[in-house]
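The structure is given below, and queries will be raised subsequently.
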């Protein structure tokens with residue numbers, strides 16, 4: 001299975017409520033009863049089941065945040081572009097996808113975060129508070 005965070009379109013730092021909201025939105029747009037040609041419903045369901053289970057989620061989180069994760073680069077949060085809504089930041093990935101950091105993800109973080117690309121398996125290290 002691909003990265004469950006990518007499937008649901010959320011950050012690795014998303015809380016349970018955010019996981020549920022993303023899941024519900026995607027299910028409404030891809031349920032096979034409403035959209036017979038939809039092919040990703042099972043993948044969405046599997047991603048939700050992983051991220052809603054604390055044990056499965058912790059396993060995935062550890063895998064994604066290992067030092068062996070392929071970090072494209074390390075940047076400062078000021079290098080990221082602010083989203084139009086003002087509720088987060090984005091940064092382009094070399095694959096053509098993007099790294100998305102929601103404003104809520106930054107709350108309480110002292111030094112840095114590692115966030116996944118929304119398209120590929122690359123990770124980006126973002127320095128939050130740079131002295």
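Using Cα-Cα distances under 8 Å and only pairs 6 or more residues apart, what relative contact order does the chain have, in percent?
24
Right, next: Ranked highest first by the average count of other Cβ atoms within 10 Å around their residues, in what order do 31-43, 72-84 fall?
So the order, starting with the most tightly packed, is 72-84, 31-43.
Report, to the nearest 10°, how far helix 41-52 tilts away from the longest principal axis of the Cα atoms in the chain, using its own Cα long axis and a range of 0 to 90°.
50
How large is the helix-only mean residue ellipticity at 222 nm for the chain, computed as the sum of -39500 (n - 2.57) over DSSP H runs with n ≥ 4, divided by its residue count, in deg cm²/dmol to the nearest 500? Walk me through the numbers before you get to the answer.
Details: 5 runs with 47 residues, N = 131.
It lands at -10500 deg cm²/dmol.
To the nearest 10 degrees, how steeply does helix 16-30 sit against the main Cα axis of the chain, on a 0 to 90 scale?
50
Starting from a Cα-only point model with no solvent, please compute log10 I(q)/I(0) by Debye for the chain at q = 0.21 1/Å.
Here the Debye-derived log intensity ratios amount to -1.33.
Can you give the percent of C-alpha pairs in region 71-127 whose distance is more than 19 Å?
Tail of P(r) above 19 Å: 19 percent of Cα pairs.
Percent of alpha carbon pairs in region 4-64 separated by more than 13 Å?
Everything past 13 Å amounts to 58 percent.
Still on this structure, please answer the following. Using only Cα atoms, find the angle between the long axis of helix 54-64 and the longest principal axis of the chain, and express it within 0 to 90 degrees, rounded to the nearest 10.
50
Going by C-beta contacts inside 10 Å, put 27, 7 in order with the fewest on the left. Don't skip to the end; give the middle numbers.
Details: 27 15, 7 21.
Taking fewest neighbouring Cβ atoms as first place, the list is 27, 7.
Quick note: the coordinates plus some simple rules give every number you see, no bench work behind them. Computed from a predicted structure; not experimentally measured. Please note: Cβ atoms are built from the backbone with ideal geometry, for glycine as well, and neighbour counts cover all protein chains shown.
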